[in-house]
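The values are calculated or read from the model by the stated rules, or taken from the named source; none is laboratory data. Worth saying up front: this structure is predicted, and the values here are computed from it rather than measured. Here the Cβ is made from the backbone with ideal geometry for all residues, glycine too, and neighbour counts use every protein chain on show.
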Amino acid sequence: MPVAVVTVLLFGGSALIAPVLWRGGNHDTDFLYLATHTRAVAFMAGAAAAFAVFLVQRGASRKEGRRAGGAFAYHLASLTAILSLAAVVYVSLKVSTYHEPLLYQGGLAVVAFLIALTAACLSTDRGPLARALRLKPLMEIGQISYSLYLLHLPVYWLLLMAYPDMKPYALFLLGTGFTWLLAMIMHYVIEQFRTRDWRPARAVPLFTAASLAIGFGSWYLPTHIADSMRPDGKPLVLTLGDSMAEDFATALGRHGSKYAVVDGGQRGCGVMSPTAVRDRTDTVFKNWESCLKWTDFWSDQLSAQPDAALIHVGWDAAEQQIDGKWLTPCDRAYQKRYAKQLAKAVALVSEESPDTTVLLMNERNYNGAITSEWGSCFNQAVADFVDSARSEVHLLDLDGLFCDRESCRQTTDDGKRLYPPGDDVHLSEAGMEFVTPWLEKELDTAVGS
């Protein structure tokens, strides 16, 4: 019993990890979604459920006449299993991305609890759900489920790295097939070595060697990656701003050859610091807490002392809610505030990294998030600021690269789409390749090759 109580308390403690560490930004979710200490809640939920099942079954075995109430207990367990599984499916359908804040405000713990509850109720081995799960194909999935869990993410990631423009359905079909095949190999071939009778004379040296290798890797790899940021003494470019800044970092890293690059973009973050943002479809996005603290994030990124800071904050071109009032880039109040915010951004770069050249990019006058009117007013505000900053800031005319007075181009010269299907904001792989020579040329002019 004491161990069971400790396990339940550990489950409660692990459920608090994500809410405590989550600060509201995409960089937080990228880390927390995969972090071991965040995922510990699932292991502790399973352990707590196992203790609960053991204690219930032990108590039932000690009671006389348990058959009298057995039917009701089995029906209740069966119904609870179905409802909890349905709740897991419902939550999974409601959450469309791992950036969803609800996941880190208790959602991961709730899902872990529901799955553990489902498994505990199925321990009766009776009821329609238990009978369905005894079907041989589903039992086979259960046999290799842990291997599937370990392999699915790297398989999907590698496929996306190899084929960035792969359709979602193709990724699902191909990724599922590869994952299934590799999971079968892992379970029926590699897993057999784990279940062998490992004697201490053989196991201890192997475990020690593996631990030393992992420890060395955790020490060496961060240093190696940091050093690789400046290969062959190339000038270092730090991208700052929103998700397009992330795209430009990826473009320079994959398709460029002249510059080393560090990605300092934050999805959904500009420098305007509004309460919320509203795009051209009237969809309202509450601002992330980490976006409101963009100066802290930029300061951390600027510790790399880059040769150039490439800033794209086109998300600021959408409507901004400031002090309860919605402002567009065409409003005078917006323009006055934005000039101050841009000055704050440039001053921060100069303070944290005095030798860094600042390149400020405008926005395409029309994209999936903004109207052409907002885009034109935003670009004018950026141009006015660059003029006032004189030689301190270099203007990068993204609008001139993609758009003319009538429209913005959608394809490359050879007909490839510049944007992913259904996304008129971010760049496709072809779009990144298209923009890279222009980026390097602009950097050459501002920084010098």
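Results, tabulated for the structure shown:
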| item | result |
| --- | --- |
| Unique residue being at pLDDT below 75 and either in contact with a strand residue (DSSP E or B) (Cβ under 8 Å, 6 or more places away or on another chain) or not charged (D, E, K, R) (or both) when the list is Ala86, Ala73, Ala49 | Ala73 |
| Count of region 297-317 residues which are surrounded by 16 or more Cβ atoms within 10 Å (Cβ to Cβ) and over 20 Å from Gln335 (Cα atoms) | 10 |
| Number of positions in region 428-449 that are closer than 14 Å to Gly253 by Cα and either assigned to a loop (DSSP other than H, G, I, E, B) or free of Cβ contacts under 8 Å to residues at least 12 places away in the same chain (or both) | 1 |
| Test result for Ala245, aliphatic (A, V, I, L, M), within 30 Å of Val346 (Cβ to Cβ) and part of a helix (DSSP H, G or I) | yes |
| Top-ranked residue in region 264-279 [being of a type in the set (D, E, K, R) and buried (at least 18 other Cβ atoms within 10 Å of the Cβ); ranked as farthest from Ser299 (Cα to Cα)] | Asp279 |
| Lys340 within 26 Å of Asp387 (Cα to Cα) and surrounded by fewer than 21 Cβ atoms within 10 Å (Cβ to Cβ) | yes |
| Segments classed as helices (runs of 4 or more DSSP H), wholly inside region 309-409, with at least 3 members that are over 29 Å from the mean Cα position of the chain (by Cα), in contact (Cβ under 8 Å) with a residue 60 or more places away in the chain and more than 30 Å from Glu433 (Cα to Cα) | none |
| Count of region 347-375 residues which are crowded, with 20+ Cβ neighbours inside 10 Å and either more than 12 Å from Leu302 (Cβ to Cβ) or of a type in the set (Gly, Ala, Ser) (or both) | 15 |
| Index of the failed condition, Trp294 passing every other in (1) under 23 Å from the mean Cα position of the chain (by Cα); (2) surrounded by fewer than 22 Cβ atoms within 10 Å (Cβ to Cβ); (3) under 29 Å from Gly448 (Cα atoms) | (2) |
| Count of residues meeting criterion [more than 22 Å from Pro154 (Cα to Cα) and modelled with pLDDT of 80 or more] in region 174-198 | 0 |
| Qualifying residue in region 345-362 (condition: closer than 19 Å to Thr283 by Cβ and at pLDDT 95 or above) | no |
| Selection from region 1-31 of residues that are under 30 Å from Ser290 (Cα atoms), at pLDDT 80 or above and surrounded by 15 or more Cβ atoms within 10 Å (Cβ to Cβ) | Leu10, Phe11, Ser14, Ala15, Ile17, Ala18 |
| Qualifying position, being surrounded by 17 or more Cβ atoms within 10 Å (Cβ to Cβ) and within 21 Å of Gln57 (Cβ to Cβ), among Leu103, Leu148, Leu122, Leu108 | Leu122 |
| Ser290 being touching a residue at least 60 places away in the same chain (Cβ under 8 Å) and assigned to a helix (DSSP H, G or I) | yes |
